[in-house]
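Encoded as structure tokens, the structure appears first; notes follow it.
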Amino acid sequence: MFFLDTMGLMFKCIYSGILSTVLFVCLCVFVCVCVQEVVAGVIVLVCKESLQHHGITLNMEGLVNLQLSSKSVGVFEAFYNSVKPIQLISNNIEVAKAGKIPGGKTEIPFEFPLQAKGNKVLYETYHGVFVNIQYTLRCDMKRPLLAKDLSRNCEFIVHCQPQKSKIAPTPVNFTVTPDTLENIRERSSLPKFLIRGHLDATNCVISQPLTGEVLVENSDTPIKSIELQLVRVETCGCAEGYARDATEIQNIQIAEGDVCHGLSIPIYMVFPRLFTCPTLETTNFKVEFEVNVVIVLHDDHLITENFPLKLCRV
Amino acid sequence: MFCASSLCGLSRRSRGRNYDAELQRCRPEMAPVEFGDYHPLKPIMVTDTKTRRGARKGSTSSSSSSSSSVPPDPLSSMLDGTDPLSMFAAASATETPAVSHSASAGDLGRKRREKEEEAVGPDFEPWYSKRGEILTRFTTTEKLSINLFMGIDKGKAQSPGSSGVSEKVRTRLEELDDLEEGSQREMLNLSQQDYTNRIEELNQSLKEAWSSDQKVKALKIVIQCSKLLSDTSVIQFYPSKFVLITDILDTFGQLVYDRIWTMCSDPQPLPDSFTVEDVNDTAKETCLNWFFKIASIRELLPRLYVEAAILKCNRFLNKNGIQETLPRLTAMIRGIGDPLVAAYTRAYLCRIGMEVAPHLKDSLNRNFFDLLTTFRQISGESVRNQLVVQRVEVPEYLTLYSPAISWILQCIAYRAPEPLLTEMMERCKKLGNNALLLNSVMRAFRPEFVAARATDFIGMIKDCDEAGFPKHLLFGSLGQSLASADPPESERLTILNEAWKVITKVRSPVDYISCAEIWVEFTCRHFTKREVNTVLADIIKHMTPDRAFEDAYAQLQSVIRKILTYFHDFSVLFSMERFLPFLDMFQKDSVRVEVCRSIMEVFIKHQVDLTRDPVILNAMLHICKTMHDSVNALTLEDEKRSLALLIIGFIRMVSFGRDFEQQLSFCVEARATFCNLEPVLVQLIHTVNQLAMETRRVMRGSHSRKTAAFVRACAAYSFITIPSLSSIFSRLSLYLLSGQVALANQCLSQADAFLKAAVSILPEVPRSISIEGKLRSSESFLLDFINNFLATLLVVPDHPEHGVLYLVRGLLNMVQDYTWEENSDAKVRIYISALPLLAAMSQETYLYSIPKVDSNETLYGGDPKFLSEINKLSETLIAQILDHLKALGREEQSTRRQGAVALSLFSALLAHGDLRNNKLSQLTVNLWNLSHKHGYCETRISVRTLEHIKHQAQQPDMAHLSDTVQRLTLQTRT
């Protein structure tokens, strides 16, 4: 079940003909209708004078692009071995037969059913590094000889329909002291500190912010900054196995300078649109998210506490 | 044809006049006005009942009390208590004491009250009034720097292409990109003024970027600017920096709000009280986009500030947006480590909160409590280190907080219930180093609240840590509250004593005076001159060593101002021993004069009764002398004029009642003191003249020997004062006036001397004088004066030793010798106006006379010699005039003037000459013809003149005029 974000996009193009100047604009307005799950809108054509054409077509496509990172495989392999894109949906209609468009503004309405191809599932729109899920509309106008064909692209956004079930929030408490740290060379050189906190939930609703609290009980070295780092973990499967990469989406500072000890500081982060989607797990690829609470001390010690997240849409 | 020569040598006789009879004739017929008739000024009244007419006739009282028989007047019927305004007033008045008066009225009242609570009233001191104060108070001479890095936020999405490149390289590349755009700028070594200008430039470029649709650039500017607020180097300047930068944030917030607002007002403008449902989807989407963008700002401080700036936009998204966001932002501020930065961020949030949602008090309180919790950071190590590096003392550092904390407290205290304020105070008490807080509490809370607990506050101030916040500032704040609200009567003296005990111990004169200045108001408000005197003595004691007063003129002036607002009784004021010594501290001339001036202004405004109190006179003379002595060659005209006005105001308030001699001697003294200000001298002469007239009134016109001597002394005063004036016209008019006064007081020789003096200085009158900086011909003034003078001459008796009509002849000689402007008829005009005088002099009874002074009528008793003397004189005059007429006739361009002169001579002769004399009558006819010869005469005037003559001819013994009329022909211009 899917529905579309309501949005309007406009494309402009100035076309210069041999004898006359024709302004051609294609504007698609998508109206979401949840029940029928259709992409609907209008094609807007604006030209000064009447325009001869050989047909206008509209093409809708949903694709998952996968890319192998150079870290997992070599640079060249990454270039050659990129996985074939997975087509989720594809539809093509002819909007207008060859003919003439009168001068001025012409609006042609259209409508597509959102029906996945075969037994495929439509995923949410997601812009990542190694995984990209994108839905586009392309409008083409064939033109007679001596004139270039015109083409406009427009992305539309697909959101999963909310899952009916409610998730109970599971708060996670954490305590950071020199003893709880892993991955350090010299434990003795560490300054003393005690930092406590909690996340209200690790299974988050994507439209709701990530919340929680962090509290510096004490710290010998002054604190320089406390940050929240949102990380995506993308896994691509291919013939040779799979590649798993973690990259930063955004880094939000929640404390700056030597904060008051014993006073809880709120953790608050809004999940950015497009760059996050509900946690996704398919046979070919996976998109997961994690958050790091990063504490930077004044002597540039970096203390990180990692929490895997499970995002969903309610 | 007009022949002048044929008329020479004829006797010109003025006709006899009976002034009384003429006066009777001239009076308009008296039309008796019946009382109660229509009068335009009488209010229009509706009285319809016939029975009442008689009774109500002429009454002007309003008809509101009349019975129903009077038709309803729309205005008075509104006053019956049915109009909405008085209904509200009645409702709210009864609503407070009564529990359930009337349900509807009560509801109405409650609703109104709720609304009042919601809105921020005019009694809330707005931010912009604080702005200027902060900017002037927190300044620095250190060099500042602005570091703007217009890079892309690192938290933003990475493009897949750059994923392979390492983090470091990526930032480098971004920086390179930015440098190409020229957007990274680091400005060092800026003076404070430069800094302010730069910030203003940024404000401008923000607006430009916005209007040129570069929204992203605008956002970047705002983010970079708010980032500057995390920089606390040059910490003394931080409050000012905060003010400057929040201006930019305000601009930005307004821009965003306006844009979204216009997006929704496409078909019709959105009402002010719109709800979420009224907002269309596009606007919501745009608004949401802004919030998403801001939520991804990497750094905490810019994120906080920018979100606070567009807090108002939450109204477009959902109903509770603001309500939910404010507490969240409040909590987020806890993440700011630097206590100063955090305090100011809180102040900004409170400000925005008060603007956008003044009813949400909770987050204000939350902010304050958080602030209290973080208070211990101020004495923490990182702050200490910072202060050492910047070489800033702790007390100075603490004062940096006061604008922010005061603002937060002001927001909280605004219309807050008493218990809340008490709770706040208790919380402040609990904290250790609470001087700073205490100071802000006293500044922010209602003065009434503070005043009621003044004794408590004094106790708390005493308990404060001496090292932290300077105590004189605390007392200053307390004094400010007490200046506008009254503490309980019984505590006042204790408060003053306690406060002054501390104030007097303040060593630094600057600190001392700034505090003492505030407390003067409290002292003046509640205590008598004794206490104020003590305070003044203390101030003198503190400020005199090392001439400390030189740096504190502003404060000392304000002390004087405050005293003057409360002490309007100048006898009390000047009986304060220390008042004049206090004035002596103003040793810089300009300040001194300014102070004197302010005292004088108050004196003139508030001294209602005339005074002879020696204390006041001495002091005021001293003050006026100070002002007078400040006048020098470089003083501007305006300045002189205003000083003179003030001194004149003082002189007019001086009166010794019946003790005229003392008044005169005061004038003598004043003349000596104020010799440089001419207007003052003029006033003195007027005063003395008035004195003489007053004496005359008291003696009912007949002077005793003593009073006669006195009025002669007055005349002598005027006579010797007038020559020292430089303005010729004030001299002339004063001579004339004083002459008249002398004459009225039977001082004949003095009057003669005045008038002679006036005549003798006539030749000195310049032909042009400067009026308001422009050179004007003096002719019209001179003509006016001479006409006035001539009128006086009628009653001046001839001097026995000089010839007949000595003064008239003298005047006419002067007129003849005076170098008149070329092409001017002024001389002849004077001659023409002298003719009526001569005519009046030849009457048996004069038109007017002065009691107890024998005019020429009595002296000569209609002696034919005297009359012939007059006739001879008038003949000469007429001959002169005719000569002039002839001369005018010679030139083509002067014919118009000839006509005019001829006509006025004609009128003079007609009115005053005896036209029974044939020759004279012939002359008038000739003059008439001459004036009409060139057709310049206005027909309307001619017609009216003829009608007048015809009218005159109907009078008894004027019948001869009808012959003359026959000969006067009306020539119409063809």
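The values are calculated or read from the model by the stated rules, or taken from the named source; none is laboratory data. Treat the numbers as computed from the prediction; the structure is a model and nothing was measured. Backbone-built Cβ (ideal geometry, glycine too); neighbour counts: all protein chains shown. Accessible surface is based on the protein model in full, side chains and every heavy atom, while ligands, DNA and RNA are left aside. Shrake-Rupley method; radii C 1.70, N 1.55, O 1.52, S 1.80 Å.
For region B:822-845, the set of residues classified as assigned to a loop (DSSP other than H, G, I, E, B) and in contact with a helix residue (DSSP H, G or I) (Cβ under 6 Å, 6 or more places away or on another chain) consists of B:Asp825, B:Ser842, listed by residue number. Screening B:Ile881, B:Ile850 for residues that are touching a residue at least 40 places away in the same chain (Cβ under 8 Å) and over 30 Å from B:Arg696 (Cα atoms) leaves exactly one candidate, B:Ile881. So, in region A:124-146, of the ones that are open to solvent by 40 Å² or more (accessible area, probe 1.4 Å) and assigned to a loop (DSSP other than H, G, I, E, B), which residue ends up nearest to the other protein chains (Cβ to nearest Cβ)? By that ranking, first place goes to A:Lys142. Would you check which residues across region B:743-759 are open to solvent by less than 70 Å² (accessible area, probe 1.4 Å) and touching a residue at least 40 places away in the same chain (Cβ under 8 Å) and list them? B:Leu743, B:Ala744, B:Asn745, B:Gln746, B:Ala751, B:Asp752, B:Leu755, B:Val759, listed by residue number. The set of residues from region A:248-274 being farther than 14 Å from A:Glu290 by Cβ, in a strand (DSSP E or B) and either more than 7 Å from chain B (Cβ to nearest Cβ) or more than 22 Å from the chain's Cα centre (by Cα) (or both) comprises A:Ile254, A:Ala255, A:Glu256, A:Ser264, A:Ile265, A:Pro266, A:Ile267.
For B:Asp231, the criteria (1) within 14 Å of chain A (Cβ to nearest Cβ); (2) surrounded by 17 or more Cβ atoms within 10 Å (Cβ to Cβ); (3) not in a loop (DSSP other than H, G, I, E, B) hold in every case but one, which is (3).
All conditions but one from (1) open to solvent by 30 Å² or more (accessible area, probe 1.4 Å); (2) more than 11 Å from every other protein chain (Cβ to nearest Cβ); (3) at pLDDT 85 or above apply to B:Leu349; the one that does not is (1).
Every residue, every condition in (1) out of contact with any helix residue (DSSP H, G or I) (no Cβ under 7 Å at 6 or more places or on another chain); (2) surrounded by 15 or more Cβ atoms within 10 Å (Cβ to Cβ); (3) of a type in the set (A, V, I, L, M), yes or no:
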| residue | (1), (2), (3) |
| --- | --- |
| B:Phe582 | no, yes, no |
| B:Gln587 | yes, no, no |
| B:Val595 | no, yes, yes |
| B:Asp609 | yes, no, no |
| B:Asn618 | yes, no, no |
| B:Leu636 | yes, no, yes |
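For B:Ser212, the criteria (1) at pLDDT below 50; (2) exposed (fewer than 11 other Cβ atoms within 10 Å of the Cβ) hold in every case but one, which is (1). Of all residues in region B:315-324, count the ones that are open to solvent by 10 Å² or more (accessible area, probe 1.4 Å) and either within 14 Å of chain A (Cβ to nearest Cβ) or of a type in the set (A, V, I, L, M) (or both). The number of residues fulfilling the criteria is 4.
Per the conditions (1) among the charged types (D, E, K, R); (2) within 13 Å of B:Val559 (Cα to Cα); (3) outside any helix (DSSP H, G or I), the sole criterion not satisfied by B:Arg507 is (2).
When B:Ala357 is tested against the conditions (1) closer than 23 Å to B:Thr251 by Cβ; (2) at pLDDT 90 or above; (3) surrounded by fewer than 24 Cβ atoms within 10 Å (Cβ to Cβ), the lone failure is (2). Number of residues in region B:241-260 that are touching a residue at least 24 places away in the same chain (Cβ under 8 Å) and open to solvent by 70 Å² or more (accessible area, probe 1.4 Å): the value is 1. Taking the conditions (1) closer than 21 Å to B:Leu793 by Cβ; (2) open to solvent by 40 Å² or more (accessible area, probe 1.4 Å); (3) not aliphatic (A, V, I, L, M) in turn, B:Asn856 satisfies each one other than (2).
Looking only at residues in region B:263-303 that are facing chain A (nearest Cβ under 10 Å), open to solvent by 60 Å² or more (accessible area, probe 1.4 Å) and acidic (Asp, Glu), the one that is nearest to B:Ala218 (Cα to Cα) is B:Glu285. Of a type in the set (Val, Ile, Thr) and farther than 27 Å from B:Ser962 by Cβ, is that true of B:Thr895? Criteria met by B:Thr895.
For region B:367-387, filtered to residues that are away from chain A (no Cβ under 12 Å) and buried (at least 17 other Cβ atoms within 10 Å of the Cβ), the residue that is nearest to B:Leu329 (Cα to Cα) is B:Asn367. Restricting the search to helices (runs of 4 or more DSSP H) fully inside region B:299-343 and requiring at least 2 residues that are modelled with pLDDT of 90 or more and within 18 Å of A:Val270 (Cα to Cα) gives B:300-309, B:321-332. Just one of the listed residues (B:Asp613, B:Asp546) is at pLDDT below 90 and loosely packed, with under 13 Cβ neighbours inside 10 Å, namely B:Asp546.
None of A:Asp220, A:Asp245 is at pLDDT below 90, buried (at least 18 other Cβ atoms within 10 Å of the Cβ) and either more than 20 Å from B:Arg334 (Cβ to Cβ) or within 11 Å of chain B (Cβ to nearest Cβ) (or both) except A:Asp245.
Which members of region B:938-968 meet the condition of being assigned to a loop (DSSP other than H, G, I, E, B) and under 26 Å from B:Glu875 (Cα atoms)?
So in region B:938-968, the residues assigned to a loop (DSSP other than H, G, I, E, B) come out as B:938, B:954-959, B:968.
Residues satisfying the conditions are B:Asp957, B:Met958, B:Ala959, B:Leu968.
The numbered conditions (1) in contact with a helix residue (DSSP H, G or I) (Cβ under 7 Å, 6 or more places away or on another chain); (2) farther than 30 Å from B:Tyr344 by Cα; (3) within 14 Å of chain A (Cβ to nearest Cβ); (4) of a type outside the set (Ser, Thr, Tyr) are all true for B:Val306 except (2).
What do you reckon, is B:His686 under 23 Å from B:Ile771 (Cα atoms) and buried (at least 17 other Cβ atoms within 10 Å of the Cβ)? Here the answer is yes, as B:His686 does meet what is asked. The number of residues in region A:223-242 that are under 14 Å from B:Gly335 (Cα atoms), at the interface with another protein chain (Cβ under 9 Å from one of its Cβ atoms) and of a type in the set (A, V, I, L, M) comes to 2.
Applying the criterion of being surrounded by 13 or more Cβ atoms within 10 Å (Cβ to Cβ) and not in a strand (DSSP E or B) to the residues of region A:164-175, the residue that is modelled with the highest pLDDT is A:Pro169.
Can you pull out the residues in region B:846-896 that are among the aromatic types (Phe, Trp, Tyr) and part of a helix (DSSP H, G or I)? Across region B:846-896, the qualifying residues are B:Tyr860, B:Phe866.
Residue count for region B:874-896, restricted to those that are farther than 27 Å from B:Asp914 by Cα and open to solvent by 60 Å² or more (accessible area, probe 1.4 Å): 5.
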